[in-house]
Amino acid sequence: MNLPAIRSITRALLSVALGVLTLSALGAEDWPQWGGPRRDFTSDARGLASSWPAAGPKQLWSRALGDGYSGVAVSDGKLYTMYREAARMWQIGKADQDVVVALDAGTGKTLWEYRYDAPHGAKMGMENGPGPHATPLVLGSRVYAVGVMAVLNCLDARTGKLLWSHDLYKEYGAPVRGRGYSSSPIAYKRTVILPVGGPGQSLMAWNQDDGSVVWKKGDLDWGPSSPLIINVDGQDQIVFFGANEVAGFDPGNGDLLWTHPHKTQWGLNIATPAWGEGNILVVSSAYNGGTRAIKLTRNGNKTTAQQLWFDNRMRVHFGTLVRIGDYAYGSSGDFGPGFLAAVDVRTGNIAWRDRSFAKANFVYADGKLIVVDEDGNLGLATVSPDGLKVLAKAPVLQSNAWTAPSLSGTRLYVRDRKSILALDLK
């Protein structure tokens, strides 16, 4: 075989190999739900850059998207999120709609949309944004998405075809929320679980395949926070952060296992709790709620919840609370400027506060914190008990950036109330 032919074959093989690597990168380390693979806003992604140009990391694509704060789920080269489309003045009789949308992760192109009428209630206060708020859950060939008016839809992930649906307000009499429904669904074995509210249904579990009710339990008042699954000394538990307390339920049958009070004004416990080594659960809220750490211990069939400490100086409003080692990091502040803070989960000692960013959401990967603050700034930083070191910062969004970012491999997906964009962080 002559040299040109060998070179041609080598180039072809290299092209195929690069193509496989590119596809693998798109499918690797999916972000299939609120909070990512482990629902803790951390990722095993590697190869992230340690600095960016002044203009920020490379932008792969951007596009307009309707109103909403729904996070972006990433699975198998596709993005899933929600937005709201308001009826036009001339469209008499047409209602505002919630829209579940699937996008191509590589280009941002719309693959399908599922729309349904979701008019707000007369007394709802939606001046901070009409929603949707919750992030879709992707499980294999299905997507589970719940809109601002508490309609849970199960859709075919490939086509957007509706497979089953439940209206939590109309079917189960769940209390209507003034700011709209916001809890993101979570999976456990063959069920999908959501906080609902109302007598005997703090939480409900539905069969993933046909939507039939598997169990509904609890009389605790609903809060906006999204649940998470933890394991306490060998037992799976689902953490419910309600209006007045945090509690643990058995995700298999809904039995209440423990409760601990955590009251705040208007029952607005929003941020998802953080769980980690030592069986320590950290919960935080604004509206004078503060932060507390609870140690969970299981003895036989009984779980004991013991408060380790409480501090009202750290108050995570709706942002992410991330546990790294023995410290939890969060953006503290009720209204106005916020600051990033670090707290020792074992003692409650606040190690530091830093005002490098406005109120923010973030994810942690490759030893770095990827920050999106509400002013639309994207940041890259390292954190430790000794402090925050900002490595790079650039403006990338404009319209009230309250949505937590999603990381898949080295690709970051961020959105504000009006747009969505993809960035390459490698």
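The values are calculated or read from the model by the stated rules, or taken from the named source; none is laboratory data. All figures in this text were calculated on a predicted structure; none of them were measured in a lab. Here Cβ is always computed from backbone atoms with ideal geometry, including for glycine, and neighbour counts include all displayed protein chains.
Kindly indicate which of G56, G35 is within 15 Å of L421 (Cβ to Cβ), surrounded by 13 or more Cβ atoms within 10 Å (Cβ to Cβ) and in contact with a Leu (Cβ under 8 Å, 6 or more places away or on another chain).
Details: G35 fails: within 15 Å of L421 (Cβ to Cβ).
The unique qualifying residue is G56.
Is the stretch 254-270 home to any residue that is under 20 Å from the mean Cα position of the chain (by Cα), at pLDDT 95 or above and either more than 23 Å from F335 (Cα to Cα) or assigned to a loop (DSSP other than H, G, I, E, B) (or both)?
no
Which residues, counting only those in the stretch 214-235, are farther than 22 Å from S182 by Cβ and among the aliphatic types (A, V, I, L, M)? Outline the logic, then answer.
The initial filter retains those residues of the stretch 214-235 that are farther than 22 Å from S182 by Cβ, namely 214-215, 231-235.
V214, V232, listed by residue number.
Which one is surrounded by the most Cβ atoms within 10 Å (Cβ to Cβ) among residues in the stretch 197-227 that are closer than 23 Å to V316 by Cα and in contact with a helix residue (DSSP H, G or I) (Cβ under 7 Å, 6 or more places away or on another chain)?
G223
Among A134, A150, A118, A102, which is over 17 Å from I420 (Cβ atoms), at pLDDT 95 or above and either touching a Gly at 6+ places or on another chain (Cβ under 6 Å) or small (G, A, S) (or both)?
Going through A134, A150, A118, A102 in turn, the sole match is A150.
Only one of R346, R353 is over 20 Å from W266 (Cβ atoms), surrounded by fewer than 18 Cβ atoms within 10 Å (Cβ to Cβ) and touching a residue at least 60 places away in the same chain (Cβ under 8 Å). Can you tell me which?
On the way: R353 fails: touching a residue at least 60 places away in the same chain (Cβ under 8 Å).
None of the other options fit; the residue is R346.
Just need a number here: residues in the stretch 335-367 that are closer than 29 Å to Q306 by Cα, of a type in the set (K, R) and in contact with a strand residue (DSSP E or B) (Cβ under 6 Å, 6 or more places away or on another chain). Lay out the reasoning, then the answer.
Within the stretch 335-367, the subset closer than 29 Å to Q306 by Cα is 339-353, 361-364.
Those left that are additionally of a type in the set (K, R): 346, 353.
From the residues that got through so far, the ones that are in contact with a strand residue (DSSP E or B) (Cβ under 6 Å, 6 or more places away or on another chain) too are 353.
Here the count works out to 1.
Just checking, does the stretch 249-263 include any residue being surrounded by fewer than 23 Cβ atoms within 10 Å (Cβ to Cβ) and free of Cβ contacts under 8 Å to residues at least 24 places away in the same chain?
Yes - at least one qualifying residue is present in the stretch 249-263.
Considering only the stretch 28-82, state which residues are over 14 Å from L137 (Cβ atoms) and assigned to a strand (DSSP E or B).
T42, S43, K58, Q59, L60, W61, S62, R63, A64, D67
Okay, residues lined up against (1) free of Cβ contacts under 8 Å to residues at least 12 places away in the same chain; (2) over 16 Å from Y169 (Cβ atoms):
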position: R63; (1), (2): no, yes
position: V74; (1), (2): no, yes
position: Y80; (1), (2): no, yes
position: A87; (1), (2): yes, yes
position: L103; (1), (2): no, yes
position: W112; (1), (2): no, yes
position: A118; (1), (2): no, no
position: G131; (1), (2): no, no
position: V146; (1), (2): no, no
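Report, ordered by the first and then the second residue, all pairs with beta carbons closer than 8 Å, sequence separation of six or more or different chains, a first member in the stretch 158-184 that is farther than 21 Å from P227 by Cα, and a second member that is of a type in the set (K, R).
Final answer for the pair search is L163/R142.
Restricting attention to the stretch 145-155, does a residue exist that is hydrophobic (A, V, I, L, M, F, W, C), over 17 Å from G68 (Cβ atoms) and surrounded by fewer than 21 Cβ atoms within 10 Å (Cβ to Cβ)?
Checked the stretch 145-155: no residue is hydrophobic (A, V, I, L, M, F, W, C), over 17 Å from G68 (Cβ atoms) and surrounded by fewer than 21 Cβ atoms within 10 Å (Cβ to Cβ).
For G300, which of the numbered conditions (1) touching a Leu at 6+ places or on another chain (Cβ under 6 Å); (2) without any contact (Cβ under 8 Å) to a residue 12 or more places away in the chain fails to hold?
For G300, the failing item is (1).
Quick one: is V138 assigned to a loop (DSSP other than H, G, I, E, B), more than 20 Å from A64 (Cβ to Cβ) and β-branched (V, I, T)? Give the steps one after another, and end with the answer.
On the way: assigned to a loop (DSSP other than H, G, I, E, B): no; more than 20 Å from A64 (Cβ to Cβ): yes; β-branched (V, I, T): yes.
Judged against the criteria, V138 is not a match.
Here is a list of conditions, (1) surrounded by 16 or more Cβ atoms within 10 Å (Cβ to Cβ); (2) over 20 Å from the mean Cα position of the chain (by Cα); (3) aromatic (F, W, Y); (4) within 22 Å of S182 (Cβ to Cβ), and F318 meets all of them except one; can you say which number that is?
Failed condition: (2).
Please specify each residue of the stretch 179-224 satisfying the condition of being in a strand (DSSP E or B) and among the charged types (D, E, K, R).
If the condition is that a residue be in a strand (DSSP E or B) and among the charged types (D, E, K, R), then K216, K217 are the ones that fit.
Please work out if A328 is within 16 Å of H262 (Cβ to Cβ), in a strand (DSSP E or B) and of a type in the set (G, A, S).
Numbers: within 16 Å of H262 (Cβ to Cβ): yes; in a strand (DSSP E or B): yes; of a type in the set (G, A, S): yes.
Here the answer is yes, as A328 does meet what is asked.
All but one of (1) in a loop (DSSP other than H, G, I, E, B); (2) over 15 Å from F249 (Cα atoms) hold for Y169, so report the exception by its number.
It fails just one condition, (1).
Yes or no: Q201 among the polar types (S, T, N, Q) and farther than 21 Å from G242 by Cβ? Don't jump to the end; show me each part of the working.
Details: among the polar types (S, T, N, Q): yes; farther than 21 Å from G242 by Cβ: no.
Spelling it out, it is not the case that Q201 is among the polar types (S, T, N, Q) and farther than 21 Å from G242 by Cβ.
If you scan the stretch 176-196, which residues turn out to be buried (at least 19 other Cβ atoms within 10 Å of the Cβ) and in contact with a Pro (Cβ under 7 Å, 6 or more places away or on another chain)?
Passing the criteria: S182, S183, I186, V192, I193, L194, P195.
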